[in-house]
1. Quick check: the distance between the Cα centres of the stretch 62-89 and the stretch 194-255, to the nearest angstrom?
2. Tell me, rounded to the nearest percent, the portion of alpha carbon pairs in the stretch 134-193 spaced more than 20 Å apart.
3. If you look at just the Cα atoms of the stretch 167-255, how large are its Rg and its Dmax in Å?
4. Below 29 Å, Cα to Cα, which lysines can Lys66 reach? Residues fewer than 8 away in the same chain don't count.
5. Please sort 51-57, 76-82 by packing, taking for each peptide the average over its residues of neighbouring beta carbons within 10 angstrom, highest first.
6. Based on DSSP, what percent of beta bridges with both residues in the chain are antiparallel, to the nearest 5?
7. Ignoring everything except DSSP H segments at least 4 long, calculate the 222 nm mean residue ellipticity for the chain; use -39,500 (n - 2.57) per segment, divide by total residues, nearest 500.
8. Please say if the stretch 1-72 is rounded, prolate or oblate, where rounded means a/c under 1.5 for a ≥ b ≥ c the square roots of the C-alpha gyration tensor eigenvalues, and otherwise the choice is prolate for a/b larger than b/c and oblate otherwise?
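Here, each number is a calculation from the coordinates, and none is a lab measurement. Computed from a predicted structure; not experimentally measured. As a convention, Cβ positions derive from the backbone with ideal geometry for all residues, glycine included, and neighbour counts pool all protein chains shown.
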Amino acid sequence: MSTILQLTDATIKFGGLTAVNKVSFNLQKGDLFGLIGPNGAGKTTCFNLITGVYKPTSGSIVFNGKEISGTPSNKIASLGICRTFQNIRLFPALSVLENVVVGAYLRHKTGLGSALAYLPSAIAETEALRAEAFALLQVVDLDDVAHVRSADLPYGKQRRLEIARAMATQPSLLLLDEPAAGMNPQEKDDLARVVRRIRDEFEKTVLLIEHDMRFVMGLCERIVVLDHGEEIAQGPPEAIRSNPKVIEAYLGEAV
Ligand SMILES: Nc1ncnc2c1ncn2[C@@H]1O[C@H](COP(=O)(O)OP(=O)(O)OP(=O)(O)O)[C@@H](O)[C@H]1O
Ligand SMILES: [Mg+2]
């Protein structure tokens with residue numbers, strides 16, 4: 001096993017608020033890792049630190065042995081970290097397939113702006129790119145709706161499409177921000193299967209934020225818990241479930 005991501009005392013302050021306070025955790029290659037905690041705990045902010053949206057006030061973030069804190073987002077993406085967003089960010093007027101083609105295209109370009117500027121040629125690009133995108137749609141079970149406008153997809157499928165688009169950038173580390181939010185139980189089960197497959201077959205490392213404890217505990221092998229920006233626990237689901245601090249701050253009662 002080798003370490004892919006290492007946060008050491010990662011901290012960010014927004015004015016008087018310390019949104020993330022000395023958070024440390026390590027991800028090994030192939031981990032399926034959960035990040036949980038109450039609203040406002042600092043989970044999305046951790047993703048923003050890892051993906052270079054914000055530079056930590058202090059502490060370090062090392063990806064594949066390289067310090068990445070302070071590195072611009074597009075550079076971090078090109079190193080192999082890709083994320084999905086808590087609020088879905090698709091191109092609503094484009095088809096499902098085209099949304100994934102854009103992801104694949106981003107791999108060759110430096111940012112969304114240039115991808116958009118080149119969009120017509122990106123879409124017209126070789127069959128290879130489209131075939132690759134279609135294969136990813138099969139992974140997330142959306143191949144049957146490849147030509148539907150993404151805005152016309154039900155919510156659960158839009159979330160799976162975001163994952164396919166992120167996969168198209170060929171990341172080694174995939175960050176999913178509340179991928180199961182708003183899904184019904186059946187959609188959540190489907191999603192869990194997709195995420196497991198991505199890790200097992202595509203050998204990705206996955207870090208995910210989620211509030212649904214059944215989903216997280218059933219899927220993740222290790223979990224870190226934040227509360228008010230601070231890490232209050234870390235360990236396998238069984239230990240987290242019965243941890244008194246976690247129960248008090250978040251779970252309310254043992255789950
Ligand atoms: N750019 C910013 N400027 C000021 N405060 C911010 C900024 N980004 C996040 N915060 C604050 O940092 C804290 C943590 O926010 P964050 O979005 O990381 O929470 P979260 O754990 O993802 O919560 P949720 O489960 O509701 O998504 C919140 O108090 C939030 O208001
Ligand atoms: Mg959040």
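1. If we compute the Cα centre of each part, the gap is 21 Å.
2. Value for the stretch 134-193 (Cα pairs over 20 Å): 20 percent.
3. Radius of gyration, then largest Cα-Cα span, for the stretch 167-255: 13.7, 40 Å.
4. Partners within reach: Lys13, Lys22, Lys29, Lys43, Lys55, Lys75, Lys109, Lys204.
5. Result, highest mean Cβ count within 10 Å first: 76-82, 51-57.
6. So the antiparallel bridges amount to about 55 percent of the total.
7. -10500 deg cm²/dmol
8. Since a/c reaches 1.5 but b/c is at least a/b, the shape of the stretch 1-72 is classed as oblate.
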